[in-house]
Structure formats: C-alpha cells, structure tokens
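The structure appears right after this line, and notes come after that.
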Amino acid sequence: MSNYKEMVKKILGKSENPPLCYLHSFGCQQNVSDGEKILGIFSEIGCGITSDINSADIIIYNTCAVRENAENRVYGMIGELKHMKEQKPDLIIGICGCMAQEEKNVSKIRSTYKQVDLVFGTHALSEIPRLLYEVLTSHKFVSDISEYGVSSSEIRAVRSSGFKASVPIMYGCDNFCSYCIVPYVRGREKSREPNDVLDEVRELAENGYKEIMLLGQNVNSYGKNLENYINFSELLRKINEIDGDFRIRFMSPHPKDCTSELIDTILECDKVCKHLHLPLQSGSNEILRKMNRRYNVEKYMEIVNYVRSKVPDFSLSTDIIVGFPNETYEDFLKTKEIVQKVKYDNIYSFIYSKRTGTRAAEIEDSTSDEDKSRWMTELLQTQREISTEHYKRFVGRTLDVLFDSESRHDGMLSGKSDEFIIVEAPCADKKLIGQRRKVKITKAFNWALSGEIV
Ligand code: 5AD
Ligand code: SF4
C-alpha cells in the first residue's frame, strides 16, 4: 500500500493546491467511523478536506444498505452529481460503504451512473491509494469489493468532532438476523485486540475527548476470536480505569447474550453512561423466531427487569421493526405492549425493508404496506405519550450533559445527558460546546428536557 501512497501523492502533488476531498457518510455510527478513516487516508496522500461539496475535487459517498430508502436516497444523490461532473470533468466521484459491497449495486452504478469513477467495498479501505492511483492513471471505472481481511484499525482517522469519538471494538456480524444485510456486506465478526482499543481510548482521553462511543454490531460477543479471551464487560472495566474526564457509551448489545455481568458493570463503572440501547425488534415470539433473533420476549424482559430491579427508572432505548413479512396486527400489538411495559426513553422504529440476499427476502409477504404504515403511526403515537410522561421524572434532577451544538432555539445550547436524552439550556457562551456541565432540569417535553446550567 505504501508504494501506491507515494505514487499517488506524487501525482496529486503536481497540482498547485492540494485537491480537496468531500465525504458524506450515510447510516450508522460504524459507517461514520469508517468515513473518518477514509478521510484519514485521503489526508495522508496529500488531499485537503472540505465540507463544501462545490469546492471538492474528490467526492466520496460512504453508503448504507440497511434499508431500501437509504439506497434510493444515495442513488438520487449520485444522479445529482452528473451535472457537476459535466462542468468539472476532472472531478473524481467515489462510492463506498455497505451498498458498494454488493455486486448488484456495483453493476448498476457502472452501467447507469457513468459519472462515478470508483467503487470500493467495506473491506478495501487500505486499498484506497492503489485504487485512486488506477483512477488517476487509467481514467477508467475502477471497482474493488474483495474481502482483504486486513483490519482498518491501524488507519488514523480524521475525526469530525474534537470532543466525541467513536472507537470500533469489533467489525462484522455473525448473527444473520433474517431481515438484515449487515453480515453480508460487513463480513464475519472480528474483535480488535484489547490493547489496541485501550491505546486508542487512552490517546483520545489525553487529547481531551469527553465521550467515547465503543462500536460493534453485537458488543456482547466481543473477544470471541481473541487468543487471550476477554469479554466485553472486562473490556469496559479496563477502559473505565483509564485516567481522564470522559464518559463511555457503547452500541449495541444483543439481547440474546446480554448478561447480568454487563448490567452490573454498567452500574459499577463511574465513566459508563447509565443508559442501555437494547434492540427489541419485535414483541412477538413468533416474529422473533422468524427474525432469527435467538431470544424471546421472556428473556428480553428478564434483562429489563434485572436492570430495573437495581435502578427502577434506568434509561433504556430500542430498535423496532414494524411489518416483518406476514406480521399480523396481533403480533404488532405484542410489540406495542412491550413498549408500554418497558417505557423506553427513545425508540428507533423502522418499517421492514426487503433486502435481497437475506432469508426474510424469500418469504412471500401478505401484510399490506398500508397496514404497516398505520401500525408505525400507532407505535410512534404510543411512544410520544410514553416519553411525554416518562421524561417528567427528570424534572428537579441534575443531569450530566455534554453540550454538542447550538440549539434551534435562540440563545440555547443543546447536548445529550448521560441517559442519552437531549437536554437544552440557555447559554450565550458557545465555548461550552464540547464541555460537560451539570444541568438542573426544569421542563420535560416529549423529545427533550430543558434546564439551567448549575
Ligand atoms: N428493515 C428495516 N429495519 C432494519 N434494520 C435492520 N435491517 C432492517 C430491515 N431490513 C433495523 C434494525 C436494526 C437497525 C440498525 O436497523 O432495527 O437494529
Ligand atoms: Fe443485523 Fe442482527 Fe447483526 Fe444487528 S445483530 S447487524 S440486526 S444481523
């Protein structure tokens, strides 16, 4: 790789100003994290980075394949680049990420979107210098979706935030939930060496990062391929011991192997945020079985009951899929019942999207789209009522908030509490963005809390 790095550096170095690279990541945190690494590579080979697409010499779309609407959006956006390429023929357009890992998308891009120069998959990050070299020297369409098995963990990221950082602890997924494309586009599960993870967190803490988000498709299975096995709870405890004023989040555990050890670890480690994102997907055992989730509602509720027996209003959030093939209204009502029982602070709900290549895509679906949309509206309404009521428990309490932006409301800053709830507070000092402060909550809405900085 280093040879190509030098060669491409030489070609790019010939232009008066360094070429500017614009990157847009779609989808999940893992993809955003990959995007930061891709920018890291472009910066190493001598590119500048821009957030203005119009001034870019290289445009990269780092795509998501989890749902069809995400894909359609990407295709729409690639289409819009045609005009730009006509006006700027030297512009290099690259498509990468989960969509790019699928052969059918590579063919479609190649045949229909002639403005695209380069397509590379999720395993080819370290090949970027070579691929770019080929684009620059051949002026032909270049694609690479091979599975190199090379870890991207050594690539230095160009991080988009100076105070919040994502740290992948594992890559890929072995679960094969029947609706999900991720195992096909991100490959088999592989954990990073604990010392690599610890070194990265240590460096971030030393550089003043205030929040570290540990990433994995199923963090509970962390460690399985390691020579010296340590489990996720042990890793969390080691990270918790690192000096520094930072807090730790992680995304996501899988209910099938979420243990009481993990819950105890969250509760005992002072840096670990008191929040658990526990994807339910469905409240119907029949649907969970068809989803190949390998837990049932009873097992799921055992975890909820365990954490709530320790902290009665512990903050939980979840992912839900509405309208899995042949789901009935009775199935949906079971999901709604769990949502009402658990009282999540946030739910992320999605209408089932058929992903070619997955097992669920082979099921003939007799549930209508209209029914699915109606159930989705019903679920969102239920959750709105729950959060309106449930958020009130914070009024009068003081929460630890990391401010991350200016609010849409004038003179207010916005951030996230430990519990992963949006908190706004009046503050004219923008220097507090990137800082943690205690906020005394005075008001609860159904989407956020507001209060005064203590
Ligand atoms: N259709 C709808 N939602 C999906 N998810 C994953 N695959 C699909 C699909 N085919 C949702 C799940 C997962 C979240 C990241 O995306 O709820 O937890
Ligand atoms: Fe997809 Fe299931 Fe793996 Fe999550 S755990 S990425 S839903 S297959």
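The values are calculated or read from the model by the stated rules, or taken from the named source; none is laboratory data. Remember, predicted model here, so these are calculated numbers, not experimental data. Counting neighbours? That spans all protein chains shown, and the Cβs are built from the backbone with ideal geometry, glycine included. Remember, those area values only see protein heavy atoms, side chains included, never the ligands or the DNA or RNA. Shrake-Rupley method; radii C 1.70, N 1.55, O 1.52, S 1.80 Å.
Details
- Hey, CYS273 buried (at least 20 other Cβ atoms within 10 Å of the Cβ), more than 16 Å from ligand 2 (Cβ to nearest atom) and not aliphatic (A, V, I, L, M) or not: yes
- Flag if SER414 is among the hydroxyl-bearing types (Ser, Thr, Tyr), surrounded by 13 or more Cβ atoms within 10 Å (Cβ to Cβ) and either modelled with pLDDT of 95 or more or in a strand (DSSP E or B) (or both): yes
- Within the stretch 50-93, the residues that satisfy the criterion of being open to solvent by less than 40 Å² (accessible area, probe 1.4 Å) and of a type in the set (D, E, K, R) are GLU71, LYS85.
- The residue of the stretch 174-211 that is least open to solvent (accessible area, probe 1.4 Å), among those that are within 16 Å of ligand 1 (Cβ to nearest atom) and of a type in the set (Ser, Thr, Tyr), is SER178.
- Pairs with Cβ under 9 Å, 6+ apart, first in the stretch 276-288 and within 11 Å of TYR344 (Cβ to Cβ), second away from ligand 2 (no atom under 16 Å from the Cβ) and among the basic types (Lys, Arg): HIS277/ARG249
- Selection count, the stretch 235-254, where residues are more than 16 Å from ligand 2 (Cβ to nearest atom), part of a loop (DSSP other than H, G, I, E, B) and surrounded by 20 or more Cβ atoms within 10 Å (Cβ to Cβ): 1
- Residue match in the stretch 180-201 (condition: hydrophobic (A, V, I, L, M, F, W, C) and not in a helix (DSSP H, G or I)): yes
- Residue match in the stretch 25-42 (condition: part of a loop (DSSP other than H, G, I, E, B) and either open to solvent by 20 Å² or more (accessible area, probe 1.4 Å) or hydroxyl-bearing (Ser, Thr, Tyr) (or both)): yes
- Residues that are under 22 Å from the mean Cα position of the chain (by Cα), open to solvent by 50 Å² or more (accessible area, probe 1.4 Å), under 20 Å from ASN346 (Cα atoms) and at pLDDT 95 or above do occur in the stretch 417-438.
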